[in-house]
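The values are calculated or read from the model by the stated rules, or taken from the named source; none is laboratory data. The structure presented is a predicted model; accordingly, all values stated were derived computationally and were not measured. Cβ placement follows ideal geometry from the backbone for every residue including glycine, while neighbour counts extend to all protein chains displayed. Heads up: the accessible areas ignore ligands, DNA and RNA and are worked out on the full protein's heavy atoms, side chains in. Shrake-Rupley method; radii C 1.70, N 1.55, O 1.52, S 1.80 Å.
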Amino acid sequence: MDKKSAIFTRRSIRAYDSSRRATKEQITDLLDAAMHAPSAMNKQPWEFIAVTDPDRIAGIMKIHPYCESLADAGTAIIVCGDLDAQLKSPDGGYYQFDCSAAAQNILLRAKEIGLDTCWCGIAPEKERISAFAKFFGLPKNIEPMALIIVGYGAETPESDTGRFRREKIHFQTWA
Ligand SMILES: Cc1cc2nc3c(=O)[nH]c(=O)nc-3n(C[C@H](O)[C@H](O)[C@H](O)COP(=O)(O)O)c2cc1C
């Protein structure tokens, strides 16, 4: 599938074919795409944890309340931010923006190569951040940002082509 089609046909998938799994090569391909995302001052403050072990998957499902389809999908990618490596400003840091761009690249690349995904939020929920940090034994400077479910979908929701809203576009100024 070409990139334009991937953008317009990607949907969050919440039912997966448990007989098929993303391969290690495919997972690496997704993370290659993630690492090509833009980042503030090109700091690339991201780290990724890929999980395919069923026991570890079951553990993740205990600490995230909205990822029921993960068991069948079989693969989780945790996108994490490095608080020390991110661009900092007096008003905060940029890691969540950078990691969101990386996460979106994963979703689109997955669609392009025939995989399905669902982004499940971790940040900014404090309880989830600490539960994931504890589960993975993360160092203090590494913050989990998103859980991405990856697998072969067992549902095919319609492409949501009706989202374009002309009134959301403002040329030159707001009015
Ligand atoms: C920051 C963020 C957090 C999300 N968290 C969850 C989640 O915990 N569980 C889930 O099933 N979907 C989650 N989603 C997916 C959204 O529900 C989904 O993107 C939205 O309904 C639009 O549908 P679409 O992705 O099919 O276009 C999340 C998406 C984003 C961007």
Open item on the list: Modelling each spin label as a point 7 Å along the Cα-to-Cβ direction, I'd like the K140/Y66 distance in nm, to one decimal.
Closed with: 3.1 nm
- [ ] Please calculate how many Å² of accessible area the stretch 72-175 carries per residue, with a 1.4 Å probe and no DNA, RNA or ligand atoms counted.
- [x] 56 Å²
Task: 20 °C / 1.002 mPa s Stokes-Einstein diffusion coefficient of the chain, Kirkwood radius on C-alpha pairs, µm²/s - done: 126 µm²/s
Task: Among I106, I122, M41 - extreme Cα towards positive end, dipole of the stretch 13-126, charges at beta-carbon - done: I122
Open item on the list: If I build a Gaussian network model for the chain, linking alpha-carbon pairs within less than 10 angstrom, which residue out of F136, F164, F48 has the largest mean-square fluctuation?
Closed with: F164
Task: Using a Förster distance of 41 Å, the FRET efficiency for T28-L87 (Cβ separation, nearest 0.05) - done: 0.95
Task: Choice from C67, C80, C99 showing the highest fluctuation, given a GNM over the chain with Cα pairs closer than 10 Å - done: C67
Task: Farthest toward positive dipole pole in the chain [+1 Lys/Arg, -1 Asp/Glu at C-beta], among Y94, T28, F132 - done: Y94
Task: the stretch 32-114, relative contact order in percent, only Cα pairs under 8 angstrom and at least six apart counted - done: 42 percent
TODO: Give me the percent of DSSP beta bridges within the chain that run antiparallel, rounded to the nearest 5.
DONE: 95 percent
- [ ] Considering only G81, G153, G137, give the residue with the highest GNM mean-square fluctuation for the chain, with springs between Cα atoms whenever their separation is below 10 Å.
- [x] G137
Open item on the list: Can you tell me the length gained on complete extension of the stretch S12 to K168, counting 0.36 nm per residue apart and subtracting the Cα distance?
Closed with: 53.9 nm
- [ ] Treat every Asp and Glu Cβ in the chain as -1 and every Lys and Arg Cβ as +1, leave all other atoms uncharged, and give the resulting dipole magnitude about the Cα centre to the nearest 20 debye.
- [x] 340 debye
Open item on the list: Based on the alpha-carbon set only, what is the convex hull volume of the stretch 55-130 divided per residue, in Å³?
Closed with: 107 Å³
TODO: Could you do me a favour and compute the accessible area per residue for the stretch 4-60, 1.4 Å probe, result in Å²?
DONE: 61 Å²
Task: Area of K168 that stays accessible when all protein chains are in place (1.4 Å probe, Å², to 10) - done: 150 Å²
TODO: Along Cα→Cβ, 7 Å out, is where each label goes; now give me the distance between the ones at R56 and K4 in nm to one decimal.
DONE: 3.9 nm
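Given a 1.4 Å probe and heavy atoms of the protein chains only, how would you sort R128, R166, largest accessible area at the top?
R166, R128
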